[in-house]
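Visitor: Next up is a structure, given as structure tokens.
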Amino acid sequence: MRFGAGTLDANDRADDLYRQGRDAIEEGRYERALDRFNTLLGLKTNRTDGALYWKAYSLAKLGRQAEALSTLTELQQQFKNSSWQRDARALETEVRQASGQTVSPDSQDDEIKLMALRGLMQSDPERALPIIDQMLAGANSPRVKERALFVLSQSNSPRARDIIANIAKGGANPDLQLRAIKALGVMGGPDNRQILADVYRASSDPAVKHDIMRSFMVAGDRARLLSLAKTETEPGLRGEAVRQLGVMGAHTELADLYQTETSVEVKKNIIQAMFVGGNADKLIDLARNEKDPQLRRTAVRNLGLMGSSRTGDAIKAIYQSDASPEIRREAVNALFLQNNGRVMVELARAENDPAMKKALVEKMSVMSKSKEVTDYLLELLK
């Protein structure tokens, strides 16, 4: 589904629009939500069925029942096997009941249900759990289901985990499935991580796989992320596994992975993950010793994104010792990113190559000025 640059761009754009639309619904901004879902529907991606559901939901909230029903009919006819079908039928019933009326942005009935549910969960969880299970499987709104799932995730009961696991395996609409996956990551524990691993193997949806990787990160499961970074065949997913290892600060795992990886693009992702994880020592080593000039430049560039107190002197040493003009220019750019005027002035004063001296002065002329830089620029004007 995400193979090829065009498809990748379209799906990424769709994901952004979908999140913006859902956020707008949470804020009660239904016109904005409608705009986002209409734009998304023009992209023709894997988000189309979900976008049709939330478009209909937004139209209903705006009191445009006829258009909402038409949109639901489109969803039901075009996506007969969609996991949004159950929610679409429930919404259709609500819209028909409210026909001719303006539906208020907030459902008082929903709020009352949720308050009652929270109270029952605190006082008598054994009676609350089957009710939550029925709410999640029944014709309640996605909003109620999402809040019910949150209440469920606060329980340590094995029954609660089983219900969440069933949803994570695809027993609900895709939005609720992703929330269940996140809940399992937060809950942690080997059993929950195994459930996530099983869902990952069974799923063909990149969005599900991405969220499972993030849940592995939240749960601290470096071993599974490292395994996916080594074995996942889809480049985007491999890159996501690498990024999550970076967020975890998995220095040893990333260094080992770098040694065995053959793809230059994945190695770039690993270098980026090393930056995210703050592994300056390994980045300095790669900037000095990596044989591939492209990767060496990437390492130098990421060093520039770190604080000058940690890497400024190392970048200076790389500039002074590396014979490659491309690497030296990358070092100048890195120092510029750090606003490291002190080192740039030192290098410019010692530089005999007119082209490199020009590159240093050009960067200093547009950077935030320090006393060292200002004094040096004045020297050049004398």
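Visitor: Across the range 201-230, what is the number of residues that are touching a residue at least 60 places away in the same chain (Cβ under 8 Å), assigned to a helix (DSSP H, G or I) and out of contact with any helix residue (DSSP H, G or I) (no Cβ under 8 Å at 6 or more places or on another chain)?
Guide: 0
Visitor: What are the residues in the range 177-200 that are over 21 Å from Val242 (Cα atoms) and in a loop (DSSP other than H, G, I, E, B), if any?
Guide: Correct list: Gly189 only.
Visitor: Could you give every pair whose Cβ atoms fall below 9 Å, whose first residue belongs to the range 39-54 and is within 12 Å of Asp16 (Cβ to Cβ), and whose second residue is of a type in the set (Ser, Thr, Tyr) and surrounded by fewer than 24 Cβ atoms within 10 Å (Cβ to Cβ), counting only separations of at least 6 or pairs across chains?
Guide: From the range 39-54, the pairs are Leu40/Tyr18; Leu40/Thr48; Thr45/Thr7; Arg47/Tyr18.
Visitor: So, in the range 30-58, exactly how many residues are among the basic types (Lys, Arg) and at pLDDT 90 or above?
Guide: 3
Visitor: Could you check Asp110 against (1) at pLDDT 85 or above; (2) among the charged types (D, E, K, R); (3) in the same structural domain as Asn173 (by TED's automatic domain parsing) and say which number it fails?
Guide: So Asp110 meets the others, but not (1).
Visitor: Okay, moving on. If I ask for residues that are more than 17 Å from the chain's Cα centre (by Cα) and either modelled with pLDDT of 90 or more or not in a loop (DSSP other than H, G, I, E, B) (or both), which ones from the range 1-10 would you list?
Guide: Listed by number, the residues that qualify are Ala5, Gly6, Thr7.
Visitor: Now for a separate question. Just give me the residues in the range 11-29 being over 17 Å from Val208 (Cα atoms) and either modelled with pLDDT of 95 or more or surrounded by 21 or more Cβ atoms within 10 Å (Cβ to Cβ) (or both), in sequence order.
Guide: Residues satisfying the conditions are Leu17, Gly21, Ile25.
Visitor: Taking Leu360 as the residue in question, decide whether it is more than 22 Å from Ser309 (Cβ to Cβ) and either of a type outside the set (Lys, Arg) or more than 36 Å from the chain's Cα centre (by Cα) (or both). Walk me through how you get there before you give the answer.
Guide: Details: more than 22 Å from Ser309 (Cβ to Cβ): no; either of a type outside the set (Lys, Arg) or more than 36 Å from the chain's Cα centre (by Cα) (or both): yes.
Criteria not met by Leu360.
Visitor: Can you confirm whether the range 79-91 contains a residue that is surrounded by fewer than 19 Cβ atoms within 10 Å (Cβ to Cβ), closer than 21 Å to Gly28 by Cβ and modelled with pLDDT under 80?
Guide: No: zero hits.
Visitor: Oh, and also: Working carefully through the options Thr252, Thr233, Thr262, find the one that is of a type in the set (Ser, Thr, Tyr), within 24 Å of Leu283 (Cα to Cα), without any contact (Cβ under 8 Å) to a residue 60 or more places away in the chain and outside any helix (DSSP H, G or I).
Guide: Thr262
Visitor: Select from the range 360-371 the residues that are surrounded by 16 or more Cβ atoms within 10 Å (Cβ to Cβ) and modelled with pLDDT under 90 and write down the one among them that is nearest to Leu335 (Cα to Cα).
Guide: Here the answer is Met367.
The values are calculated or read from the model by the stated rules, or taken from the named source; none is laboratory data. Note that the structure is a prediction, hence the values are computed from the model and not measured. Heads up, the Cβs are rebuilt from the backbone with ideal geometry, glycines too, and the neighbour counts pull from every protein chain shown.
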